[in-house]
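Undergrad: Structure in structure tokens, see below.
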Amino acid sequence: MLRSSIRRAVAVLASATLALSFAAGSAHAASVTITNNNCSSFNWDASTSTLTCVTGSTSGVPSCSINASPTSLAVGGGSVTLSMNCSNSPTSYAWGGASYTTQSGNTATANITATTAFTGTASNGAGTSATASKTVSVSTGGGGGGGAISCPGFNATHVIEESWTSPVRTPSAMGGNDAIVVHFQTGSGSSTLGSLSSIGAAEWGSSPSWRIGTLSTVPCDFGGVGATVVARQEATSEITVSFTVGTQYKAYPLLQTNTDYYLNIMNYTPSTCQSTGVCSMSALLVKKGVQ
């Protein structure tokens, strides 16, 4: 019986190390070592005296972590690039925890407007990894507005921060009844005086309806009247206001140095925005006429 069992085991296993021991004093007391590099574990069926090999990755289940760039965003959010780094040679990846713009194997991208926890798993022949997680934070501060900005009467307010020293083009999702507030603070140096600049938001997706844009010293100012309003514009695909700082240049609006300004944007007819992304805008601050 012992020899028959060993023959069956050897027929299944052939070359890493498994030791079988049989109690001393039995009719067939013995021990045998069987090695096999293709088995992740072994199953013993006592009823049939059969030892079987469970195949799988010899390197084991993947262990993963997620990297994100950037790991934090200013008010309004933006684009995030993600990568899943795993041990033990995964053959497939699965992303979760957010809506992704793109996914390709162990990489993904997403556009977020609020703090988001990204998750992912990886699999190989040995099984599926534990869920890895990476949180990317989005600031809720209003950037010169004294805290978070929320415009009354809108479903959501998307705040975009533009830096005077290093402006970048920043996209933001916008629903039909949402508002976008683009905030920036003018500089103080002599190089800012009298130069022609502009602040605007261009269509990011297909053109929706008419928009109203108001440049003001107050966020959520859509009235177009009063001492706080610098300029007001209506357009379909792009709202852009040109201005100078500190020194008047031709007929352009004059802004003050070291002052917070807000380009407040709303849809004139919200009902024309029917799907996600149609109403989205991409904001940009352009200084000295150089983009």
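A short reminder: the numbers here are calculations on the coordinates, not readings from a lab. This one's a predicted model, so the numbers in the text were calculated from it and none came from an experiment. Virtual Cβ from ideal backbone geometry, glycine too; neighbours counted across all protein chains shown.
Undergrad: Would you mind ranking C279, C86 by Cβ crowding within 10 Å, fewest neighbours first?
TA: Going from sparsest to densest Cβ surroundings: C86, C279.
Undergrad: Out of every Cα-Cα pair in segment 64-138, what percent are more than 15 Å apart?
TA: Everything past 15 Å amounts to 48 percent.
Undergrad: Ranked highest first by average number of other Cβ atoms within 10 Å, how do 45-51, 104-110, 260-266 line up?
TA: 260-266, 104-110, 45-51
Undergrad: Same structure again: Rounded to whole Hz and in sequence order, give me ³J(HN,Hα) for segment 107-119 from the Karplus expression 6.51 cos²θ - 1.76 cosθ + 1.60, θ = phi - 60°, writing x for Gly and Pro.
TA: Once θ is set to phi - 60°, the couplings for segment 107-119 become 10, 7, 10, 8, 10, 10, 10, 9, 3, 9, 9, 8, 10 Hz.
Undergrad: Near the amide H of T101, under 5 Å away, which other amide H atoms are found, from residues 5 or more places off or on another chain, if H is placed in the peptide plane?
TA: It is T109, A110, N111, by chain and number.
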